[in-house]
Amino acid sequence: MFNHKDLPLLLLDNSSMMSVLNEGEFKCYNLPFEDAKHLIDIYDESDILRCFSNPDIETVIFDYLGCAKRDFEYKRIRNMRAGQDAIVFKLYVTPSETQPVIKADDGVEAKKIQNVYVYCQYLTRIS
């Protein structure tokens, strides 16, 4: 594993991404899920900062990407440092075109009202 104590990998969501873009030049590009998983896996737990509080994104990381469950330290970041990298988990929600009704385990009816999509971006501050 790598030691990145000075420049930890940041895990961001839509809103925390906007917070870190205060100053500097950045490069951002779409990141396949497999690459996002690989990047998270090569960092030690102590070298990753979780900069979001949305539990749905943790579900994406651990259940969908298949990363091993880890307890990443939470920290609000206002500025990325030059040379620092981040993975941004972007949630995209659309209304459901169909609204099927299902019966939950306890017999109550539930209706689908939206579709949730996620994609990843790799963000690095270059200066």
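The table below lists the values:
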quantity: Matching helices (runs of 4 or more DSSP H) fully within region 1-66 where at least 3 residues are farther than 15 Å from ARG125 by Cα and either hydrophobic (A, V, I, L, M, F, W, C) or under 10 Å from the mean Cα position of the chain (by Cα) (or both); calculated: 33-42, 55-59
quantity: For MET18: the one exception among (1) farther than 18 Å from TYR119 by Cβ; (2) of a type in the set (A, V, I, L, M); (3) open to solvent by 30 Å² or more (accessible area, probe 1.4 Å); calculated: (1)
quantity: Pairs where the first residue, in region 26-43, is of a type in the set (Asp, Glu) and the second is surrounded by 13 or more Cβ atoms within 10 Å (Cβ to Cβ), C-beta under 8 Å, 6+ apart; calculated: ASP35/CYS120; ASP35/TYR122; ASP41/CYS67
quantity: Criterion (in contact with a Phe, Trp or Tyr (Cβ under 6 Å, 6 or more places away or on another chain) and closer than 25 Å to CYS28 by Cα) met by exactly one of ARG81, ARG125; calculated: ARG125
quantity: Every residue from region 69-121 that is of a type in the set (Val, Ile, Thr), part of a strand (DSSP E or B) and either closer than 29 Å to LEU49 by Cα or open to solvent by less than 40 Å² (accessible area, probe 1.4 Å) (or both); calculated: ILE87, VAL88, VAL93, THR94, VAL116, VAL118
quantity: Residue in region 89-112 that is without any contact (Cβ under 8 Å) to a residue 40 or more places away in the chain, farther than 22 Å from ASP35 by Cα and touching a Pro at 6+ places or on another chain (Cβ under 8 Å) present; calculated: yes
quantity: Odd one out for SER127, checked against (1) surrounded by 10 or more Cβ atoms within 10 Å (Cβ to Cβ); (2) modelled with pLDDT of 90 or more; (3) over 16 Å from SER16 (Cβ atoms); calculated: (1)
quantity: Filter result for LEU49 (touching a strand residue (DSSP E or B) at 6+ places or on another chain (Cβ under 7 Å), open to solvent by less than 60 Å² (accessible area, probe 1.4 Å) and in contact (Cβ under 8 Å) with a residue 60 or more places away in the chain); calculated: no
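The values are calculated or read from the model by the stated rules, or taken from the named source; none is laboratory data. Please read all numbers here as calculations on a predicted model, not as lab measurements. Because the Cβ atoms are built from the backbone with ideal geometry, glycine has one as well, and the counts that use them run over all protein chains shown. Surface accessibility is based on the protein's heavy atoms, side chains included, excluding ligands, DNA and RNA. Shrake-Rupley method; radii C 1.70, N 1.55, O 1.52, S 1.80 Å.
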